[in-house]
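The values are calculated or read from the model by the stated rules, or taken from the named source; none is laboratory data. Fair warning: this is a prediction, and the values are worked out from it, not measured in the lab. Positions of Cβ are backbone-derived with ideal geometry, glycine not excepted, and every protein chain shown enters the neighbour counts. Quick note on the areas: whole protein, heavy atoms, side chains included, nothing else; ligands and nucleic acids left out. Shrake-Rupley method; radii C 1.70, N 1.55, O 1.52, S 1.80 Å.
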Amino acid sequence: MQAVASFKRWLFRLYGPEAAPIILVQRRIYVLPTGAGLAYAVALGFMLIGAINYNLSLGYALVFLLTGLGLVALLHTFRNLVELEISPGRAEPVFAGDLVHFGLRFLNRRPTGRLAISLCLTGGGWIRVDLAADATTCVSLPLPSPRRGWLRCGRLTLETRYPLCLVRAWSYVEPDIACLVYPRPEVAPPPLPISATGESGGYRGGLGTEDFSGLRSH
């Protein structure tokens, strides 16, 4: 298992929190066909066999046209993520058990928008966003906080299948951002000890001496 984890860290370049800004260069983006893309390729294969069998010139033209369309879709899916810049934002403290909202900033330097990008933190839900052209877009990603202490953002998955859902392009990043999770207050705590009313220098009731006088039992 440790060898598999090490291989995944090497393959997907997961080396812990990364310094900002995180830029999705070409080698950090992975592309594979979807189920629809595989069915599309199989259909083109059958069409090509039919065109060869019946020597149909228009059949060749249609197969080559649809193949070119698939290659163009692959290029646009890849370009929807490449050169995207990611910077950590803010994360407001919460109580244990609440949802932490990690703020992230996405900078798109292109004159065209990036559409239908899905984002997900490990253990959280998916969010789909559209990034405006030549602008910075702030996105808040929810993540459960099971316990008190510092909660790190963890691994962020970016995925897109735009424009034709024939291929899936995705990448992994780990922004350097953490949130402080406070202990959740008791729902119905016992009442505090009542202070004695008397002259100046009055004391708080309860067992104990000096600094521990008046403290209720744990």
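Only one of G70, G50, G89, G59 is at negative phi, surrounded by 12 or more Cβ atoms within 10 Å (Cβ to Cβ), within 19 Å of the chain's Cα centre (by Cα) and among the small types (G, A, S). Can you tell me which? So that I can check it myself, show each step before the final result.
Numbers: G70 fails: within 19 Å of the chain's Cα centre (by Cα); G50 fails: within 19 Å of the chain's Cα centre (by Cα); G59 fails: within 19 Å of the chain's Cα centre (by Cα).
After applying the criteria, what remains is G89.
Kindly indicate whether R79 is open to solvent by 60 Å² or more (accessible area, probe 1.4 Å) and of a type in the set (D, E, K, R).
Values: open to solvent by 60 Å² or more (accessible area, probe 1.4 Å): yes; of a type in the set (D, E, K, R): yes.
Considered against the rule, which asks whether it is open to solvent by 60 Å² or more (accessible area, probe 1.4 Å) and of a type in the set (D, E, K, R), R79 comes out as yes.
Return a yes/no flag: does segment 105-114 have any residue that is among the hydrophobic types (A, V, I, L, M, F, W, C), open to solvent by less than 80 Å² (accessible area, probe 1.4 Å) and modelled with pLDDT of 95 or more.
Pass one, segment 105-114, residues among the hydrophobic types (A, V, I, L, M, F, W, C): 106-107.
Adding the requirement that they be open to solvent by less than 80 Å² (accessible area, probe 1.4 Å) leaves 106-107.
Filter again for modelled with pLDDT of 95 or more, leaving 106-107.
Looking for residues that are among the hydrophobic types (A, V, I, L, M, F, W, C), open to solvent by less than 80 Å² (accessible area, probe 1.4 Å) and modelled with pLDDT of 95 or more, one finds at least one in segment 105-114, hence yes.
Would you check if A36 is in contact (Cβ under 8 Å) with a residue 60 or more places away in the chain and open to solvent by less than 80 Å² (accessible area, probe 1.4 Å)? So that I can check it myself, show each step before the final result.
Details: in contact (Cβ under 8 Å) with a residue 60 or more places away in the chain: yes; open to solvent by less than 80 Å² (accessible area, probe 1.4 Å): yes.
When the stated conditions are applied, A36 passes them.
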